[in-house]
Ligand code: FAD
Ligand code: NA
């Protein structure tokens, strides 16, 4: 036990800190991870029957406009030129998303140009507006009008939240971007792509350093393992990327999360849906979307031509036993989070980071960017290295 730094959790936040601390400061880093694998939610593995790479915790698309993050991630992997696009099945017809000129013209059986489409959406929005929006439905209608809302937002949102949009707070959405071009690229970032040899190879390269020791299937709260909370807090600096409420034994109440259930299936066809992600906008379809993983890597010519892997995604509120995915973030959650942040101040040698440690949805590039700044501004100074 000669580590200088303990990192709890091997997701992108924890691994970025571990990598920097080992390579930049020459520290010995002990990483502990509750799961049987490295990488947190970005972990992927090849499905056994087909060899097709499956993102175990839902489809992960890398994109960023942050040049220092882009430079950093390229030290560990190259990226393909994959460009993400999403389609939606509504009433048995397929439309491009996000809502764009193609979606609008198909939906209204029209051939509007950008100006006419914009005027139409503004007119529908004005027609549906009710003054000060009291719930998500009223807010959405005030932004894009009732017809587009009912087709593409209402049921999908209800399925995501297991809640009728009239019972969801208006603040859940601040904008509903509509594009008045046919551009249906999902992300607008300067850089986008998927790791050429997969997420796990990338994550493993970050930890590939004799100074970094990753111990799997080891829970920080399991008092029978040597790197547990009681044995380490106060005696070694700790980067904690698990749930913040769990750290404090839920003393201020539980923070609410949504989770996802995935149903994976190997089909004996070469191509099931012709694209990587299809959303299902209608309420009578119980899943929100279907991922077909071969389409994330069209360049992999070794993928079988007669089999494919699909994953149906279902959304629901999480219990303590579930994987926490998206913060629900009600007013009560925000109040509890503030109380936990107060408690955090008493933990001088523990840095809370990442998605779970800050109760914040973070894309991969945001988790990595946050870890790079935390390393520079907080971790390096702890070891007497200049900020
Ligand atoms: P995590 O990856 O969650 O890592 C935290 C780790 O800590 C986990 O491995 C966990 O097992 C471990 N841990 C927790 N408690 C303990 C404990 N007590 N002891 C030991 N270990 C513990 N980002 C994108 O950029 N593009 C996407 O398309 C995208 N899609 C996503 C889809 C879903 C469904 C989800 C949930 C996230 C998605 N993300 C995406 C976000 C991406 O997964 C996160 O940015 C990334 O996971 C953040 O890394 P992290 O290290 O903060 O957290
Ligand atoms: Na995703």
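Expressed as a fraction of 2.2 N^0.38 Å, the C-alpha radius of gyration for the range 96-173 is 1.11.
Normalised by residue count, the range 187-228 yields a Cα convex hull volume of 140 Å³ per residue.
Let me test this: with uniform point scatterers at the alpha carbons of the range 115-257, what is the Debye-based log₁₀ I(q)/I(0) at q = 0.13 1/Å? Taken in order of the listed q values, log10 I(q)/I(0) reads -0.88.
I'd like to know how the chain sits against the 2.2 N^0.38 Å rule of thumb: what's its Cα Rg over that expected value?
Computed over Cα atoms of the chain, the ratio equals 1.07.
With Cα atoms defining each centre, the range 348-387 and the range 97-151 are spaced 40 Å apart in the structure. Set the Cα radius of gyration of the range 32-185 against 2.2 N^0.38 Å, with N its number of residues, and you get 1.32. Where the centroid of each part is defined by its Cα atoms, how far is the range 153-175 from the range 1-70 in Å? The range 153-175 and the range 1-70 have Cα centres separated by 32 Å. Taking the average, over residues, of other Cβ atoms within 10 Å as the packing measure, peptides 42-51, 166-175 rank 42-51, 166-175 from highest down. Helix 12-25 and the longest principal axis of the Cα set of the chain meet at an angle near 40°.
Where a number appears in this text, it was derived from the coordinates with a stated rule and is not lab data. All values derive from a computational prediction rather than experimental measurement. As a convention, Cβ positions derive from the backbone with ideal geometry for all residues, glycine included, and neighbour counts pool all protein chains shown.
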